[in-house]
Amino acid sequence: MSAKIIDGKAISQQIKDELKEKTAALKEKGIEVTLAVILVGEDPASQVYVRNKKRACEYIGYNSLSYELPAETSQEELLKLIDELNGRKDVDGILVQMPLPKHIDEKTVINAIDPSKDVDGFHPINVGALVVGDKGFVSCTPAGVIQLLKRGTDGYDISGKECVIIGRSNIVGKPMSLLMLRENATVTIAHSRTKNLEEVCKRADIIIAAVGKAGVITRDHVKEGAVVIDVGINRSKDGKLCGDVKYDEVSEIASYITPVPGGVGPMTIAMLMNNCYEAALLHNA
Ligand code: NDP
C-alpha cells in the first residue's frame, strides 16, 4: 500500500481563494482588511516569510503595512510602535515576525499586542480562550493541520481516533493537542522525555510530528494505515528541505501523509490570512 498525499499547496490555495471571494464581498460593504507586519533585523529566513505574507495579502485583497526596523531597534521603540498600531482603527492584525533580536523579550512583545489584533494567536488571552473553548485566534500552524485533516483525507473522521502529537511547544505541540481534543480525538503528547516513543506512536491512528529533527519518525513508529502529518522543517545532510518523518519508508504503510515541502508549510500563511479576515469581522461587528 502506498499512502495518499495530502496536498498542502492545493488546500492552502483553496482557502486563499475562498478568502479572496469573501474579502471582495466585505469590500462592497465598505470594510477593508489590513495586516501590519513588523520585522526587526535582517534575518534572511524571516525576510522570506514576511515577503510571502505580504504577497498573500496582495493576492487576497488585504492592505498590508510593512515596518522593517533595524536590528538595533530597542524594545521600547518596538513596544511604542505596537501601541500605536493597537490604537489604529484601520489596522486589524499585527504580526511581529519571530525570532526577535536577543535584546528584545519575545513574551513582553507578544503580551503587548491587542488580543483582538493578535492574528498569530500567541497572546495568553487567545491561548487561554483555546483552553476553555472560547472564541479566539488560534496559532496558525496547528489550525492549518486541522484543515489538512478535514479537507485532505476524503472525509476521514477524527472523532474518537487515537492521536499522538510529538512535540509540546507553545506554537505547535500544545495548541495542536487542544485542537485535536476539540475534534474529539483521544490525545497523547510525546516529547524528549517520553519513554518508548516507538511504542507510544504505534498506538496512533493519527501521528502529528512537530519535533524539528530530520527523520526521527521512522517506519517503526507508525501503525499500518495511520494518517501522518509532518510539521517539521529541517535541512538534511545534503542540504535538502525535509520533515521529521522518513517519508519514503513511512509513505509505504501510512494511509495519508503530508510531504515536506508542500504539506503543512503552505497552510500556516493561509490560516494567518484567515485570522486576519476574522479580525476584520470582529472589528466591524
Ligand atoms: P521546538 O523546538 O520548540 O519543540 C520541539 C519539541 O520536540 C519539544 O517539545 C521537544 O521536547 C520535542 N523533541 C525534541 N527531540 C525529541 C525527540 N528525540 N523525541 C521526541 N520529542 C522530541 O519546535 P517547534 O514546535 O517550534 O517546531 C517544531 C518543528 O516544526 C520545527 O522543525 C519547525 O521548523 C517546524 N515548524 C513548522 C512550521 C510550518 O509552518 N510548517 C511552523 C512552526 C514550526 P521537549 O519539550 O522535551 O524539549
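The values are calculated or read from the model by the stated rules, or taken from the named source; none is laboratory data. In this text the structure is predicted, and so the values were computed from the model without any measurement. Glycine gets a Cβ as well: all are built from the backbone with ideal geometry, and neighbour counts include every protein chain shown. Calculation scope for accessible area: heavy atoms of the full protein, side chains included, ligands and nucleic acids excluded. Shrake-Rupley method; radii C 1.70, N 1.55, O 1.52, S 1.80 Å.
Okay, here's what the table says:
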{"read-out": "Hits in region 1-22 (condition: under 21 Å from the mean Cα position of the chain (by Cα) and closer than 22 Å to HIS283 by Cα)", "value": "ILE15, LYS16, GLU18, LEU19, LYS20"}
{"read-out": "Per-region count, region 206-265, residues part of a strand (DSSP E or B) and away from the ligand (no atom under 14 Å from the Cβ)", "value": "5"}
{"read-out": "Whichever residue in region 154-176 is within 16 Å of the ligand (Cβ to nearest atom) and of a type outside the set (A, V, I, L, M) and, among such residues, is surrounded by the fewest Cβ atoms within 10 Å (Cβ to Cβ)", "value": "ASN170"}
{"read-out": "Residue under evaluation GLU42, criteria (1) in a helix (DSSP H, G or I); (2) open to solvent by 50 Å² or more (accessible area, probe 1.4 Å); (3) within 26 Å of MET98 (Cβ to Cβ), criterion not met", "value": "(1)"}
{"read-out": "Pair list, Cβ < 7 Å and 6+ apart or interchain, from region 92-112 residues that are touching a residue at least 40 places away in the same chain (Cβ under 8 Å) and closer than 16 Å to MET271 by Cα to residues that are among the hydroxyl-bearing types (Ser, Thr, Tyr) and part of a helix (DSSP H, G or I)", "value": "GLN97/SER46; GLN97/TYR49"}
{"read-out": "Given (1) crowded, with 21+ Cβ neighbours inside 10 Å; (2) closer than 23 Å to ALA3 by Cα; (3) within 15 Å of the ligand (Cβ to nearest atom), index of the condition ILE146 fails", "value": "(1)"}
{"read-out": "Qualifying residue in region 184-191 (condition: assigned to a loop (DSSP other than H, G, I, E, B), touching a strand residue (DSSP E or B) at 6+ places or on another chain (Cβ under 8 Å), within 11 Å of the ligand (Cβ to nearest atom) and open to solvent by less than 60 Å² (accessible area, probe 1.4 Å))", "value": "yes"}
